[in-house]
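The values are calculated or read from the model by the stated rules, or taken from the named source; none is laboratory data. Computed from a predicted model, the values in this text were never measured in an experiment. All Cβ positions, even for glycine, are placed from backbone atoms using ideal geometry, and neighbour counts span all protein chains on display.
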Ligand code: FEO
Ligand code: CA
Ligand code: CA
Ligand code: CA
């Protein structure tokens, strides 16, 4: 049966000890193959990656770096399109020449690649496919929803406040049932700089952490200069929809889903036909949101469905001590969202979603990151990566550990609200195990902190990847985690190369393959993953299967 097949594929494994080296380690009996890495050709006619020769022009047709969330659009057993987020410049913030800085500029965004099986049945990139392409800060986009065409969105680069370009800080994301890719713009502040003090948008920019320095791309594109083109910054911090099958269509930047440091965007079609998108704002004390569409999903009508994220209502989560929660609608003119509080229209509510959520008294969370939907139960899982700023006086119903090192919340969502519980509490920044809710059977390397990216396999079992680089004594990894009577039982499946973290797990429908991003191994200067030759380490996507 399918169940046994998948069990054999992934769930049954012997736990991996937490040893970190320059290589990628997997539980016994599993192997990985490289699919692509930063700088590899995405189009035919380019030489193989050579860091000394990277040019800005070539980078437009090479894979981006800092691979984060990915999704595989499976077309047949042997063909697919993969979309990969390229979260930040692979070689960090300070490239050593103008040419390299420009190459870095073209290396962020999203990589879209047609992939196919080669003669040995391994996946390879189809360099001659029209679908294989890069989405860079220059790729054409349009703003949709209430903020489209609003005064606050108009700039020199976008006189109508609708036409836009680029996507940045692409962390996690999602995909729609109509076959489009969603990418979430998270840490966009690193791309902008200017004087914030006394600025028209000061409170908004300050809360994002924008400042005078910290501009990755100063001097390359005036849109990132807050002193002149400040409205351009309001075009970022959005959820972006990309159609992998329409390379010439502008991507859509959906203001209807709010503007914040979006971590992800997970979609489901409700039984009544309306579409819900769950998204979180990855900063300490920020919020979890849910968009509900105004129109119903129409099976098979792809063009129509592509408009569903343009109108509806954004909600923000409020968790109560009694294990219930409510989704608070963020509608202009309702409750505190009025002109008196600075909201002159729905556009203001969408652009300043954080401020609107404050006024609605939503629950400030411990850095909410990924959200995953259990395909078997329909329950929604919210990952908190932890919050050093959470002091005893700031605890609340859904964030109960002082200086928490992360937790996962499970919600049975009924629409306007639902019932929630803690799926697992990871512990405290101090590492005090008394605060964790792992079962006694969970070993030391089986426990994780800072849950960042997750995925459910075909059996509805949860897998977790951590972002715990800064936790003393902790080794990042990927775990299989299930609820037992004695708490969450978690087992280490994989350990990334030193200094890297795993992101974007995707289980193929065949139950036999797992696509996984390996992000920022190059922060280890002696590392050499994935080539293990003369080349320095670089971010990559690998395909894991049983040997
Ligand atoms: Fe890019 Fe929220 O981690
Ligand atoms: Ca993340
Ligand atoms: Ca993270
Ligand atoms: Ca991360």
Query raised in the report: Yes or no: residue 64 part of a loop (DSSP other than H, G, I, E, B) and under 23 Å from residue 103 (Cα atoms)?
Result: yes
Query - Residues satisfying the stated conditions in the range 449-465, i.e. assigned to a strand (DSSP E or B) and either more than 13 Å from ligand 4 (Cβ to nearest atom) or without any contact (Cβ under 8 Å) to a residue 40 or more places away in the chain (or both) - result: 455, 456, 462, 463
**Report entry** the range 107-164: number of residues that are crowded, with 23+ Cβ neighbours inside 10 Å and part of a loop (DSSP other than H, G, I, E, B)
**Finding:** 5
Report task. Inspect all residues belonging to the range 376-392 and state whether any of them is assigned to a strand (DSSP E or B), touching a strand residue (DSSP E or B) at 6+ places or on another chain (Cβ under 7 Å) and within 16 Å of residue 474 (Cα to Cα). Result -> no
Query raised in the report: Being over 19 Å from residue 505 (Cα atoms) and in contact (Cβ under 8 Å) with a residue 40 or more places away in the chain, is that true of even one residue in the range 172-179?
Result: yes
Report task. Only residues in the range 186-200 that are within 19 Å of residue 221 (Cβ to Cβ) count as the first member; pair them with residues that are part of a loop (DSSP other than H, G, I, E, B) and within 16 Å of ligand 4 (Cβ to nearest atom), Cβ under 6 angstrom, at least 6 apart or cross-chain, and list the lot. Result -> 187/169; 188/168; 188/169; 191/168
Requested in this report: Quick one: count up the residues across the range 165-174 that are surrounded by 21 or more Cβ atoms within 10 Å (Cβ to Cβ) and more than 16 Å from ligand 1 (Cβ to nearest atom).
Outcome: 1
**Report entry** Residues satisfying the stated conditions in the range 449-470, i.e. within 15 Å of ligand 1 (Cβ to nearest atom) and crowded, with 20+ Cβ neighbours inside 10 Å
**Finding:** 449, 450, 451, 452, 453, 454, 464, 465, 466, 467, 468
Query raised in the report: What number of residues within the range 25-61 satisfy the criterion of being closer than 15 Å to residue 127 by Cβ and either assigned to a loop (DSSP other than H, G, I, E, B) or within 16 Å of ligand 3 (Cβ to nearest atom) (or both)?
Result: 12
Query raised in the report: closer than 17 Å to residue 147 by Cβ and surrounded by 23 or more Cβ atoms within 10 Å (Cβ to Cβ) - does that describe any residue in the range 357-368?
Result: yes
Query raised in the report: Can you name the number of the only condition in (1) at pLDDT below 95; (2) crowded, with 24+ Cβ neighbours inside 10 Å; (3) more than 20 Å from the chain's Cα centre (by Cα) that residue 490 fails?
Result: (1)
Query raised in the report: What number of residues within the range 368-392 are farther than 13 Å from residue 409 by Cβ and within 16 Å of ligand 2 (Cβ to nearest atom)?
Result: 2
Query raised in the report: Can you pull out the residues in the range 522-547 that are away from ligand 3 (no atom under 16 Å from the Cβ) and under 16 Å from residue 87 (Cβ atoms)?
Result: 522, 538, 540, 541
Query - Residues satisfying the stated conditions in the range 165-193, i.e. more than 16 Å from ligand 2 (Cβ to nearest atom), in a loop (DSSP other than H, G, I, E, B) and either closer than 18 Å to residue 141 by Cα or at pLDDT 95 or above (or both) - result: 166, 176, 177, 178, 179, 180
Query raised in the report: Looking at 356, 347, which is the one that is more than 16 Å from ligand 2 (Cβ to nearest atom), in contact with a strand residue (DSSP E or B) (Cβ under 9 Å, 6 or more places away or on another chain) and either at pLDDT 95 or above or closer than 22 Å to residue 398 by Cβ (or both)?
Result: 356
Query - Selection within the range 442-459 - out of contact with any strand residue (DSSP E or B) (no Cβ under 6 Å at 6 or more places or on another chain) and within 16 Å of ligand 2 (Cβ to nearest atom) - result: 449
Query - Number of positions in the range 32-55 that are surrounded by fewer than 20 Cβ atoms within 10 Å (Cβ to Cβ) and on the phi > 0 side of the Ramachandran plot - result: 1
Requested in this report: State the number of residues belonging to the range 497-514 that are within 16 Å of ligand 3 (Cβ to nearest atom) and either touching a strand residue (DSSP E or B) at 6+ places or on another chain (Cβ under 9 Å) or in a strand (DSSP E or B) (or both).
Outcome: 6
Requested in this report: Can you confirm whether the range 235-245 contains a residue that is modelled with pLDDT of 95 or more, under 22 Å from the mean Cα position of the chain (by Cα) and more than 21 Å from residue 162 (Cβ to Cβ)?
Outcome: yes
Report summary line: Residues in the range 201-220 that are under 18 Å from residue 237 (Cα atoms) and in contact with a helix residue (DSSP H, G or I) (Cβ under 7 Å, 6 or more places away or on another chain) total 10
Query raised in the report: Would the range 56-66 turn up any residue that is closer than 18 Å to residue 529 by Cβ, at pLDDT below 95 and surrounded by 18 or more Cβ atoms within 10 Å (Cβ to Cβ)?
Result: no
**Report entry** Filtered residues of the range 27-50 (kept if within 19 Å of residue 522 (Cβ to Cβ) and more than 27 Å from the chain's Cα centre (by Cα))
**Finding:** 48, 50
